[in-house]
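Colleague: Structure incoming, see below.
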There are 2 protein chains.
Amino acid sequence: MKNKNYNIAIVGLGNIGLYLYEYLIKNKKKINKKTNVTLNIKYVSAKSRSKKRRIKISKNKWLKNYLQASKMKDVDIVVELIGGSEGAAKKLVFNSLKNGKHVVTANKSLISKYGDQLSKLAEKNKVNLEFEAAVAGGVPIIRSLKEGLLANKINKVYGILNGTSNYILSNMRNMNMDFKMVLDKAKKMGYAENNPASDLNGDDVKSKILILSALAFNSFINKKKIEVEGINNVDRIDIKNSEILGYKIKHLGVSELENDKLIQRIHPCLIKKESYISNVNDVFNAIIVEGKPVGKFVIQGEGAGPGATTSALVSDICSILRGNIKFPFSISYFNRKKIDTLDVSNKIFSYYIRLDVLDKKGVLSSITKIMSKNKISVKRLIQNPFKGKKFASIVIVSHKSKNRNIIRCMRQLSRKSFIINKPKFIRIEEF
Amino acid sequence: MKNKNYNIAIVGLGNIGLYLYEYLIKNKKKINKKTNVTLNIKYVSAKSRSKKRRIKISKNKWLKNYLQASKMKDVDIVVELIGGSEGAAKKLVFNSLKNGKHVVTANKSLISKYGDQLSKLAEKNKVNLEFEAAVAGGVPIIRSLKEGLLANKINKVYGILNGTSNYILSNMRNMNMDFKMVLDKAKKMGYAENNPASDLNGDDVKSKILILSALAFNSFINKKKIEVEGINNVDRIDIKNSEILGYKIKHLGVSELENDKLIQRIHPCLIKKESYISNVNDVFNAIIVEGKPVGKFVIQGEGAGPGATTSALVSDICSILRGNIKFPFSISYFNRKKIDTLDVSNKIFSYYIRLDVLDKKGVLSSITKIMSKNKISVKRLIQNPFKGKKFASIVIVSHKSKNRNIIRCMRQLSRKSFIINKPKFIRIEEF
């Protein structure tokens, strides 16, 4: 193992880029010990060069144009930290791979959208495309799927994949606070972005699930028939109700094979209080992999933030330094499969149902009639009158029924005049 | 990435060896897809060749003598599944590395005893020595420490590392059963060996902690001043008491740096019921790594059994097939450090204390006097009379105090005539 030199260019100097820059400067010796390679930060690039930063970067490191990183002869590895699935990030990564540079990126949007083409390009040019930081920050789930668990036939991968959502749900429960209040708190603490839309509506988790599915099932990225729902509609009262019923509400991404067909779904779930995953709180992410022969495997850690992300980026960089050339998606592009997808409508769940109704005669019998017509039967029912008002809240835990039945049932209920708020259901997940 | 051929010899055909053999035959194509290497099981060896096995192994695969595996020109990888730190296993692994063979082993005793010398030898001969299966079965903790988390400065690694112990403690609690009864059940279910001594007395966990410490802290294996205690002394009543106090009893292995000194300890602990690790039950293993910048990282899975172990062995084998030569202990032998050790005596804990006493006047005041002399102060105390007898059980949760104080206190108490059973303490661990 001879000592070598590698040059790296970091494109994008936000929180994460800066943290990585400082880490690599401070830990040059450590990295050399672990890889036998001397790693030099040769170039950097950022949208604004003049912006005030906490560290000084010498003039000769700055590229005139970010795309130079993909062309310079003295660059071996390009780290893309621009973000977004189009524009600069896309251009940089495609060009870098084309020109035979290794690429490390934290960009889940880009990888979930163009991962297939990018991996083909990387394989053709015999370079690495690494994206550990794109899913669950500091949690080495990508590396585990590609290496530690590669012996396994996986049939399900799922988990808590969005730190912001998990922080909000955990705090709504523990602090007995409203969605809006916790969101404001999360923003103040830096756990939610100023525009947290993609964290709250499930899109962020969708990108991650797309990537995990491809890795777990050796398939191409498959964007069809995905169920995506965020935490926007979870009310404090639902959290309270589920608490009474012995559950917690968690937002999950799930990817599973049923009869060799792929179901991908992202939505809030009720999970038994004692279960492992319902005790994963705050900004933590946790991913569970079920496969043979390993059984059930769990991995958990901080899902975001500059520290956790840098941990992932450095593991990718060092993998390249050690000359560990791997297929970006575990197996070659030419061996990856197309898998058929199923939408969630035939899948069977129990449901938590909440109906806010006028408190008058015949309402309950009307509800149960509609439910029974739609094959949704009651396992447990709690009716709470609103104090001093003519409304009541009916909470139902149903027996198991197809997803399409609950959708139809909700639609029919919502048309009834005694229903005062949009009827709501949340799936109950059994682990 | 050209297609290559590798030959493997499996030495040891117990449960695990057989499972691995079958797996490799069945998954030859899959392995080729993931590594571009065709893997052939060239030779096998086992203590008894004539023993009835569920699979047929062709005659020309059998070695006359197990040590041939280390010598044959057409063997690239030797898988050692003999077990034990001396004798055949030791001879085979040393000789294989000397002769330039890669070695994969599940042997924690061997690695924790001779890991330093073996890694030096492997590095000298530029071959891999892989031992993922030696710690926590299917859980890829070794690979995570060497790759996924390599960016981190780790200060603590700990967890549930023995499936048998965890199965027994979980079931004593959940089934309200005695140690002995659960042990018998565990034997029947195949969760405990016929001679489970090393699982129950902490020795098994000790081997694993020795290996994890070396990997986490980039140090040599350090066997000094280790606190080792098994679960043999945990009674059903202790589990009940801790339940009442809001805790569970778990058996942990802990390795931590305090002021750059290493403390390694293996013992039962009381852990808050709601904490993550107290919800890891049955035969599951879980390991927690605390480091910078990643924060807290958790990995969990089945700790033993042929399936989980094969998952680990195959990940090691494939790492070799991909040409991913790595230092066996993350960094070179010549860069590893000696770390000073501290014994546990200065470490500060709260304690669960159980004293079975004669139920007579002055006992409590005598106890509290001895405790206070030894700087153990009471945070909570419950005295339960034994029905219809002249005995009582006093359960105390103490404030924090040095480990040496509790030892001295227990010793002094045990001399008192009103103490009818050996006084007992269990450390309370805060996470």
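Colleague: What does the helix-only formula give at 222 nm for chain B: each DSSP H stretch with n ≥ 4 adding -39500 (n - 2.57), the total divided by the residues, and the result rounded to the nearest 500 deg cm²/dmol? Walk me through the numbers on the way to the answer.
Modeller: Working: 12 runs with 140 residues, N = 431.
That calculation yields -10000 deg cm²/dmol at 222 nm.
Colleague: Of A:250/A:360; A:206/B:296; B:91/B:153; A:34/A:208, which pairs sit farther than 31 Å apart, going by alpha carbon to alpha carbon? List each step's numbers first, then the result.
Modeller: Working: A:250/A:360 34 Å; A:206/B:296 25 Å; B:91/B:153 35 Å; A:34/A:208 29 Å.
Pairs exceeding 31 Å: A:250/A:360; B:91/B:153.
Colleague: Could you tell me what fraction of 2.2 N^0.38 Å the Cα radius of gyration of chain A comes to, as a two-decimal ratio? Walk me through the intermediate numbers first.
Modeller: Values: Rg = 24.2 Å, N = 431, 2.2 N^0.38 = 22.1 Å.
Taking N as the residue count of chain A, the ratio is 1.10.
Colleague: Quote the relative contact order of chain B in percent (integer), defining contacts as alpha-carbon pairs under 8 Å separated by 6+ residues. Write out the running numbers ahead of the final one.
Modeller: Values: 888 pairs, mean separation 67.8, N = 431.
Averaging sequence separation for qualifying contacts and normalising by length gives 16 percent for chain B.
Colleague: What's the average, rounded to a whole number, of partner chain beta-carbon atoms within 10 Å of each residue's beta-carbon in B:335-343?
Modeller: 1
Colleague: Continuing with this model, one more query. Provide a whole-number value for the mean count of partner chain Cβ atoms within 10 Å of the Cβ atoms in peptide B:319-331.
Modeller: Working: counts 4, 0, 0, 6, 3, 7, 4, 5, 6, 0, 0, 2, 6.
Mean partner shielding for this stretch: 3.
Colleague: Follow-up question, since we're still on this one. Just want the ordering: B:408, A:336, B:49, from fewest to most Cβ atoms lying within 10 Å of their own Cβ.
Modeller: On the way: B:408 17, A:336 21, B:49 14.
Listed from fewest to most nearby Cβ atoms, that is B:49, B:408, A:336.
Colleague: Kindly give the distances from residue B:274 to its copy-mates, label point to label point, with each label point 7 Å from Cα along Cα→Cβ, as nm values to one decimal ordered shortest first.
Modeller: Counterpart label points of residue B:274 in the remaining copies fall at 1.8 nm.
Colleague: Quickly rank B:111-122, B:128-139 as a protection proxy: mean count of other C-beta atoms within 10 Å, highest first.
Modeller: Working: B:111-122: 21.6, B:128-139: 27.9.
Per-residue mean Cβ counts within 10 Å order the peptides as B:128-139, B:111-122.
Colleague: With viscosity set to 1.002 mPa s at 20 °C, what whole-number translational diffusion coefficient in µm²/s follows for the protein assembly as shown from Stokes-Einstein and a Kirkwood radius over Cα pairs? Don't skip to the end; give the middle numbers.
Modeller: Values: Rh = 29.3 Å.
Reported coefficient: 73 µm²/s.
Colleague: Here's something else I'd like to know. Please arrange A:318, B:409 by counting, for each residue, the other beta carbons lying within 10 Å of its beta carbon, fewest first.
Modeller: Details: A:318 20, B:409 24.
So the ranking, lowest neighbour count to highest, is A:318, B:409.
Colleague: Further question: Over segment A:347-428, what is the mean sequence separation of C-alpha contacts under 8 Å (at least six apart), divided by residue count, expressed as relative contact order in percent?
Modeller: Computed value for segment A:347-428: 48 percent relative contact order.
Colleague: Inverting the mean 1/r over all pairs of different Cα atoms, compute the Kirkwood radius of segment B:124-174 and quote it in Å.
Modeller: Working: mean 1/r = 0.0738 Å⁻¹.
With all distinct Cα pairs of segment B:124-174 included, I get 13.6 Å.
Colleague: Residue B:261: which aspartates and glutamates have alpha carbons under 18 Å from its alpha carbon, excluding same-chain residues fewer than 8 sequence positions away?
Modeller: B:227, B:290, B:340, B:343
Colleague: Additional query: Please report the net charge: other residues with Cβ closer than 10 Å to the Cβ of residue B:148, K and R +1, D and E -1.
Modeller: Working: positive: A:143, B:143, B:146; negative: A:132, A:147, A:316, B:147.
Net local charge, residue B:148 excluded: -1.
Colleague: Rounded if a/c is under 1.5, else prolate if a/b is larger than b/c, else oblate: which is segment B:278-431, with a ≥ b ≥ c the root eigenvalues of its Cα gyration tensor?
Modeller: Because a/c hits 1.5 or more and a/b exceeds b/c, segment B:278-431 counts as prolate.
Colleague: Provide B:35, B:310 in ascending order of the number of other Cβ atoms located within 10 Å of each residue's Cβ, fewest first.
Modeller: Numbers: B:35 25, B:310 30.
Starting with the residue having the fewest Cβ neighbours, the order is B:35, B:310.
Colleague: For residue B:240, which aspartates and glutamates qualify as cross-link partners when the Cα separation must be under 14 Å and same-chain residues fewer than eight apart are set aside?
Modeller: Output for residue B:240: B:178.
Colleague: Provide the descending list of Cα extents for segment B:218-301 along its principal axes, expressed in whole angstroms.
Modeller: Principal-axis extents of segment B:218-301 (Cα, largest first): 40, 29, 25 Å.
Colleague: Hey, another quick one. Please report, for residue A:243, the nm distances (one decimal) from its label point, 7 Å out from Cα along the beta-carbon direction, to the equivalent points in the remaining copies, shortest first.
Modeller: 2.5
Colleague: Residue by residue through segment B:193-198, what is 3J(HN,Hα) from phi via Karplus (6.51 cos²θ - 1.76 cosθ + 1.60, θ = phi - 60°)? Round to whole Hz and write x for glycine and proline.
Modeller: Values, residue by residue: 6, 4, 10, x, 3, 5 Hz.
Colleague: Hull surface divided by four, with the convex hull built on the Cα atoms of segment B:347-429: how many nm²? Working shown, then result.
Modeller: Details: hull surface 19.7 nm².
One quarter of the hull surface, i.e. the mean projection, equals 4.9 nm².
Colleague: With an 8 Å cut-off on Cα pairs and a minimum separation of 6 or more residues, tell me the relative contact order of segment B:179-290 in percent. Please report the intermediate quantities before stating the final value.
Modeller: Values: 127 pairs, mean separation 25.2, N = 112.
Worked out over segment B:179-290, it gives 22 percent.
Colleague: If you don't mind, there's one more thing I want to ask. Whole Å is fine, so just give me how far the alpha carbon centre of segment A:252-299 lies from that of segment A:48-125.
Modeller: Cα centres, segment A:252-299 to segment A:48-125: 32 Å.
Colleague: Also: Could you compute the FRET efficiency for residue A:4 and residue A:272, with r as their C-beta to C-beta distance and R0 at 41 Å, rounded to 0.05?
Modeller: Values: r = 52 Å, r/R0 = 1.27.
The pair residue A:4/residue A:272 has a calculated efficiency of 0.20.
Colleague: Moving on to the next point. Determine the gain in length on full extension of the stretch residue A:203-residue A:369; use 0.36 nm per residue of separation and subtract their C-alpha separation, reporting nm with one decimal. Please report the intermediate quantities before stating the final value.
Modeller: Values: separation 166, 0.36 × 166 = 59.76 nm, distance 3.61 nm.
Separation in residues times 0.36 nm, less the Cα-Cα distance, equals 56.2 nm.
Colleague: Could you tell me how far the Cα centroid of segment B:352-431 sits from the Cα centroid of segment A:146-210, in Å?
Modeller: Between the Cα centre of segment A:146-210 and that of segment B:352-431, the gap is 46 Å.
Colleague: From the square roots a ≥ b ≥ c of the eigenvalues of the alpha-carbon gyration tensor of segment A:210-353, which class results: rounded (a/c under 1.5), prolate (a/b over b/c), or oblate?
Modeller: Numbers: a/c = 2.26, a/b = 1.38, b/c = 1.64.
Oblate, since a/c reaches 1.5 and b/c is not below a/b.
Colleague: Label segment B:1-114 by shape, choosing from rounded, prolate and oblate, from the square roots a ≥ b ≥ c of the eigenvalues of the Cα gyration tensor; if a/c is under 1.5 it is rounded, and otherwise prolate applies when a/b is larger than b/c, oblate when it is not.
Modeller: Values: a/c = 1.60, a/b = 1.22, b/c = 1.32.
Oblate, because a/c is 1.5 or more while a/b does not exceed b/c.
Colleague: Report, for residue B:54, each distance to the same residue's label point in the other copies, shortest first and in nm; define the point 7 Å along Cα→Cβ.
Modeller: 5.7
Colleague: If you split all Cα-Cα distances of segment A:4-59 into 5 Å bins from zero, what percentages do you get per bin, shortest first?
Modeller: Per 5 Å bin, starting at 0, the Cα pair percentages come out as 5, 17, 30, 23, 14, 8, 3, 0.
Colleague: Another one. Among A:90/B:28; B:224/B:400; A:28/A:101; A:101/A:187, which pairs are too far apart, with a Cα-Cα distance over 31 Å? Working shown, then result.
Modeller: Numbers: A:90/B:28 37 Å; B:224/B:400 25 Å; A:28/A:101 21 Å; A:101/A:187 37 Å.
Result: A:90/B:28; A:101/A:187 exceed 31 Å.
Colleague: For segment A:40-190, with equal point scatterers placed on the C-alpha atoms only and solvent neglected, what are the log10 I(q)/I(0) values from the Debye formula at q = 0.09, 0.11, 0.19 1/Å, to two decimals?
Modeller: Computed log10 I(q)/I(0) values: -0.42, -0.60, -1.17.
Colleague: May I pose another question? Hey, with R₀ at 30 Å, roughly what FRET efficiency would residue A:98 and residue A:48 work out to, going by the Cβ-Cβ distance, to 0.05? Don't skip to the answer; put the middle values down first.
Modeller: Working: r = 27 Å, r/R0 = 0.91.
My answer for the efficiency is 0.65.
Colleague: May I ask you to list, by number, the DSSP H helices of chain B whose Cα span along the axis is at least 18 Å and whose average Kyte-Doolittle hydropathy reaches -1.0 or more? It would help to have the intermediate numbers written out before the result.
Modeller: Details: long enough: B:108-124 (22 Å, -0.74); B:203-217 (21 Å, 0.97); B:306-321 (22 Å, 1.10).
Long hydrophobic helices here: B:108-124, B:203-217, B:306-321.
Colleague: Just checking the output field for A:220-229: average partner chain Cβ neighbours within 10 Å of each residue's Cβ? Before the final figure, lay out the partial values.
Modeller: On the way: counts 0, 0, 0, 0, 0, 0, 0, 0, 0, 0.
Rounded to a whole number, the mean comes out at 0.
Taken together, the values in this text are just the output of simple stated rules run on the coordinates, not laboratory data. What you are looking at is a predicted structure, and each value in this text was computed from that prediction instead of being measured. Because the Cβ atoms are built from the backbone with ideal geometry, glycine has one as well, and the counts that use them run over all protein chains shown.
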